[in-house]
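Student: Input: one structure, supplied below.
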């Protein structure tokens with residue numbers, strides 16, 4: 001059962017033979033780069049598989065001219081499927097919607113900003129031919145990014161590696177090539193808070209890294225400001241780890257030991273010393289335990305909130321429109 005709501009698909013799309021390669025490209029406010037992205041993507045695909053490919057662009061509720069440009073590209077290029085979401089659902093759900101719709105034997109995931117070179121497709125296909133099920137890009141260098149962005153990204157992947165129960169490769173993104181059986185397995189995972197690269201790591205299969213230098217954005221601005229990066233980090237950690245719950249347990253244990261110590265000190269002072277009980281010690285103890293309780297409630301609340309959203313059973317995204325060339329032929 002699909003986790004997305006799709007309109008009736010165009011007959012030209014349904015009637016097409018299954019392509020050897022699908023490329024899924026989520027896009028949000030990428031009008032400055034989308035034409036160059038399509039030119040390079042099409043050239044890379046044609047060089048490897050001829051015309052036996054499709055490019056699925058997913059417009060994630062863009063507020064600029066990205067969607068009209070994608071409609072125009074789909075109208076003139078029979079290898080293109082343009083998918084328009086009803087609003088902005090976020091990068092991970094836009095990517096998931098494209099993965100749900102694509103039909104190729106092998107599936108390449110790539111962002112529209114051209115930081116991940118589409119020309120690496122040939123090397124990735126060769127690794128699949130050699131027996132890999134998943135080939136993921138591993139960033140050996142990140143050009144055009146601030147020291148803050150590089151530092152926070154490095155810290156994120158190291159913390160994620162320490163906290164999660166799944167071995168998620170460091171310094172990787174969603175740039176990867178997978179086989180159809182891998183994608184079909186991914187589509188069985190119903191969770192709504194998605195960290196797609198973590199889900200692929202959880203699946204297993206034969207995964208191979210392809211080191212590469214990540215380029216600067218061709219044009220435009222990053223669509224992952226600090227707020228979205230933090231949200232993605234929370235999704236990654238809470239989606240693949242129970243360490244925060246264990247931390248709450250350890251905090252409760254430490255608090256219990258502290259409470260015993262404070263209690264023993266109070267009893268000893270009452271028995272052997274003429275002491276005056278002060279407000280400071282009382283307030284300190286209350287603050288300590290109030291903080292511990294609030295922290296535990298916050299951690300539990302994050303997990304309970306995810307259970308609540310999952311129990312609703314809502315679709316992950318609503319696809320408003322799918323556009324393909326009526327004849328199904330390139331021109």
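The values are calculated or read from the model by the stated rules, or taken from the named source; none is laboratory data. Note that the structure is a prediction, hence the values are computed from the model and not measured. All Cβ positions, glycine included, derive from the backbone under ideal geometry; neighbour counts span all protein chains shown.
Student: Which one of these is part of a helix (DSSP H, G or I), in contact with a helix residue (DSSP H, G or I) (Cβ under 8 Å, 6 or more places away or on another chain) and at pLDDT 80 or above: 189, 199, 177? So that I can check it myself, show each step before the final result.
Tutor: Numbers: 189 fails: part of a helix (DSSP H, G or I); 177 fails: part of a helix (DSSP H, G or I).
Answer to the selection: 199.
Student: Answer with yes or no whether residue 85 is crowded, with 24+ Cβ neighbours inside 10 Å, at pLDDT 90 or above and more than 21 Å from the chain's Cα centre (by Cα). Steps first, answer last, please.
Tutor: On the way: crowded, with 24+ Cβ neighbours inside 10 Å: yes; at pLDDT 90 or above: yes; more than 21 Å from the chain's Cα centre (by Cα): no.
For residue 85, the condition - crowded, with 24+ Cβ neighbours inside 10 Å, at pLDDT 90 or above and more than 21 Å from the chain's Cα centre (by Cα) - is not met.
Student: Being under 15 Å from residue 214 (Cβ atoms) and touching a helix residue (DSSP H, G or I) at 6+ places or on another chain (Cβ under 6 Å) is the filter here; which residues of segment 115-125 pass it?
Tutor: Residues satisfying the conditions are 118, 119.
Student: Now for a separate question. Tell me whether segment 133-146 contains one or more residues that are at pLDDT below 80 and in contact with a helix residue (DSSP H, G or I) (Cβ under 9 Å, 6 or more places away or on another chain).
Tutor: Within segment 133-146 (the criterion being at pLDDT below 80 and in contact with a helix residue (DSSP H, G or I) (Cβ under 9 Å, 6 or more places away or on another chain)), the answer is yes, since at least one residue qualifies.
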